Amino acid sequence: MKKLWVGSAVVWTAVALLAGCGKKEAEKHLTMGTTANCPPFVTRGGPAGSADVVGFDVDVARAIAEKAGLPLKIAEMDFNLLLPALAEGKVDLVLAALSINDERRALVDFSEPYYQDRQIVMAYAGGMVPETKEQLREMRVGYLSGSNIGLAAAEDVVGQGNVQVFATPEEMIAEMANNRLDCAVVDEPRARALLEQDSFLMFSPVLIETSYGVAVRKGNANLLETVNQAIAAIAADGRRDRFAAEWLNPAPKDKE
């Protein structure tokens, strides 16, 4: 009986370990680090007004997770915490309208570009809407925190230290509405989304072009390959165009 009990204990221990392994396997997922404060790339407001995180970047991330054969998990945080979280292994990849530049390349590995964006100048109706870089000189210019390409474009024209930084589009628009800011440098899809919310906004021609990429941890070659394969696939099969049509270039709404 003693031998039988010991044998049973070994069997049950093995079963428990296998069950634990199975649970661990089932809990595997691909974690996307992002911030929901960059519509229409990432924002809150899913179907029927839900609080789901949605947007162009989320759809791209779901395609990557599908390619990896893993469920997608979204981890929200402040924009400035995204790359540190990636380096610390708290997230697997970052998608947040993240422009590819040399400074970030030193910290992360970037995928091939999944979207080519354009930075433009947005102004409030009634004020001057600059159409050239030269017209921006001596103007009070704003940009959104985290949009380093926008900051570089603005500072290139008006000079370092002459650009005001804002945490949210709403704060920046309020400053323009109250005549404390002349204009702002914003990526084009975000500008179009803001135009949907505020009919008094206008924007000028393109100021600068940039590319957005998916960031993964340095040296994570396997995941980077999967990400690039997914990006190539959605470009080839038309999904990227459908994502863009839904989020970045939506059909105009009927005016009431």
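Summary table
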{"item": "Net charge over other residues, Cβ less than 9 angstrom from the Cβ of Thr34 (K, R count +1; D, E count -1)", "result": "-2"}
{"item": "Filter on Lys67/Lys90; Lys28/Lys90; Lys28/Lys67 - keep pairs with C-alpha separation over 18 Å", "result": "Lys67/Lys90"}
{"item": "Surface accessible to a 1.4 Å probe, per residue, for the residues of region 31-116, Å²", "result": "44 Å²"}
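The values are calculated or read from the model by the stated rules, or taken from the named source; none is laboratory data. Treat the numbers as computed from the prediction; the structure is a model and nothing was measured. No Cβ is skipped: glycine too gets one built from the backbone with ideal geometry, and neighbour counts run over all protein chains shown. The protein model used for the area step is the full one, side chains on, heavy atoms only, and it has no ligands, DNA or RNA in it. Shrake-Rupley method; radii C 1.70, N 1.55, O 1.52, S 1.80 Å.
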